[in-house]
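Colleague: Sharing a structure here in structure tokens format.
The values are calculated or read from the model by the stated rules, or taken from the named source; none is laboratory data. Here the structure is a predicted model, which means the values were calculated and not measured. Virtual Cβ from ideal backbone geometry, glycine too; neighbours counted across all protein chains shown. Quick note on the areas: whole protein, heavy atoms, side chains included, nothing else; ligands and nucleic acids left out. Shrake-Rupley method; radii C 1.70, N 1.55, O 1.52, S 1.80 Å.
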Amino acid sequence: MKLLIIEDDHYLSQTIKETTQEMFETEQAFDGEEGLFFAEQNIFDCIILDIMMPNMNGYEVLQELRKKQITTPVIILTAKDAIDDKIKGFKVGADDYLVKPFHREELLLRLEAIVRRSGGDLKENVISFKELKINLKYKTASIGEELVKLNGKQFDLLEYFINNKNTILTKEQIFDRIWGFESDTSTTVVEVYASNLRKTLKNITMINTLKLFVD
């Protein structure tokens, strides 16, 4: 799963990244504008958001996201502990509010709760669609008793499709999620991998049913 950390304190951001690395692949942004740009790609499973940041504060970032109908769960993580600040955070669209300093265990528990409410489960190692099952821990896929050979990016692509089986995904979203913002390759790689995945899974109607949209 993919986590976006929007926090201007580099040391704290790195601490959060290391704390969550067993559960999430993370991207980091260090000011509000950069964080909003990343979040607008709508490829994250959860966002950790500071309030007091340069360029845009956390409230402004969250307001913009909700105006654009981006519903990614957001945990506000801030030193502002007044009840008025908490009320404002929830009113602009936060899903949770955690005050600094915080215990790492509490942050992990809150992340687990957020993901559960969104329909996921960080403790579940197997997801499935029709006859297809993939094991997230061991990075394997199978149809019935037969193993399906997938390379790393094919597996990541298939996992993303299954987790978004009721969503139309753009080529740009897929590229940013699987290859990352800083990848040197082009978005045409999405079509190549999607085509190869279709061939690999030719015995079931996986890709069509997942409503993959590639421009």
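Colleague: Could you list, in sequence order, all residues of the range 23-38 that are open to solvent by 20 Å² or more (accessible area, probe 1.4 Å) and of a type in the set (Phe, Trp, Tyr)?
Modeller: PHE30, PHE37, PHE38
Colleague: In this structure, does PHE175 turn out to be in contact (Cβ under 8 Å) with a residue 24 or more places away in the chain and of a type in the set (Phe, Trp, Tyr)?
Modeller: So PHE175 does not fit the description; no.
Colleague: Right, next: Anything in the range 137-183 that is outside any helix (DSSP H, G or I) and open to solvent by less than 30 Å² (accessible area, probe 1.4 Å)? List them, or say none.
Modeller: ALA141, SER142, VAL148, LEU169, GLY180
Colleague: Moving on to the next point. Residue check: is ILE43 closer than 17 Å to VAL115 by Cα, among the β-branched types (Val, Ile, Thr) and not in a loop (DSSP other than H, G, I, E, B)?
Modeller: Numbers: closer than 17 Å to VAL115 by Cα: yes; among the β-branched types (Val, Ile, Thr): yes; not in a loop (DSSP other than H, G, I, E, B): no.
Judged against the criteria, ILE43 is not a match.
Colleague: For LEU77, only one of the following conditions fails: (1) in contact with a helix residue (DSSP H, G or I) (Cβ under 7 Å, 6 or more places away or on another chain); (2) of a type outside the set (Gly, Ala, Ser); (3) assigned to a strand (DSSP E or B). What is its number?
Modeller: (1)
Colleague: Still on this structure, please answer the following. I'd like the residue in the range 39-57 that is in contact (Cβ under 8 Å) with a residue 60 or more places away in the chain and more than 19 Å from ARG110 (Cβ to Cβ) and, out of all such residues, is least open to solvent (accessible area, probe 1.4 Å).
Modeller: ILE43
Colleague: For LEU36, state whether it is within 18 Å of THR170 (Cβ to Cβ), in a helix (DSSP H, G or I) and in contact (Cβ under 8 Å) with a residue 24 or more places away in the chain.
Modeller: No; evaluated as a whole, the condition is false for this residue.
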